[in-house]
Amino acid sequence: GLDEKMVHMDPKGARDFLRVLWSILPISARGQVKSGKIIFACRSHFFKDMHHQYSLLLGEGREGMRSHEPTRNRTNSQQSSSDYRLYSMLPFNQQQIRSYLIASLGDSKRADNAMAIIGSIHDLRDLAERPVLLAQIAQLVSDLEQMISEGVPLNAARLYERIVALWFGRDDGKH
C-alpha cells in the first residue's frame, strides 16, 4: 500500500512521491479530460487524522485536486466531477465472515467449524472482522482442526504465532 512506501519518507518526499503518481493522469481541475483512474490503497492509521489524510492525498490544496463530498443536493454528474474519492473498508460482520469462510473453505460445514474455532479463542472474532486477517485465519483452519483432533490446546498464543509466521512470509522482501 501507499503507507508502506511513504512511511520511509519525510513529508516532502511523500508529497513528491504522490506528485509522480498523479502525473500519470490528466487532472480535470487543470482543464484536461480524465482518461483513467488511480487506486491508492492505504491503511487509515497511517494518517494522524482525517484532515491529514485529505490534505496529503489532495496535494494540500496546491495540486488542483477536488475531493468527492457527497451531499443530498448534488446530482450524479456533480458527484462524478471530483478527482478524489475516499472509501473505507469497514469490518466484516458475522454473516460476511461466514460467507467468506464458505467461499474460502468450500462448504458450510467447514465454515461453521471455523466459526466455532474463531469463537473459542479470545479476541479472534474481533480479528476475523478484518478481511486480511480473516484470509490468514482461513489459511490456518486445517492446521487448527488438526491441532484440535490431536488434543493440542488451542489458544491465542499458538494462533498468533502461526499468523505472525504468515505475515513474515507474505512481507518478506517488502522492507
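FYI, it's all coordinate maths here, none of it is from the lab. Note that this is a predicted model, so its numbers are computed, not measured. We place every Cβ from the backbone using ideal geometry, glycine too, and count neighbours over all the protein chains shown.
In table form, for the structure just shown:
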| item | result |
| --- | --- |
| Length released on extending from L166 to I24, taking residue separation times 0.36 nm less the Cα-Cα span | 47.7 nm |
| Pairwise FRET efficiency - I39 versus D16, Cβ, R0 = 25 Å, nearest 0.05 | 0.80 |
| FRET efficiency, I148 to D107 (Cβ-Cβ, R0 25 Å, nearest 0.05) | 0.85 |
| Projected label distance in nm at A157 and Y87, using a 7 Å step from Cα toward the beta-carbon | 4.2 nm |
| Karplus-derived 3J(HN,Hα), 6.51/-1.76/1.60, for each residue of the range 107-119, Hz, glycine and proline x | 7, 6, 5, 5, 5, 5, 4, 5, 4, 5, 4, 4, x |
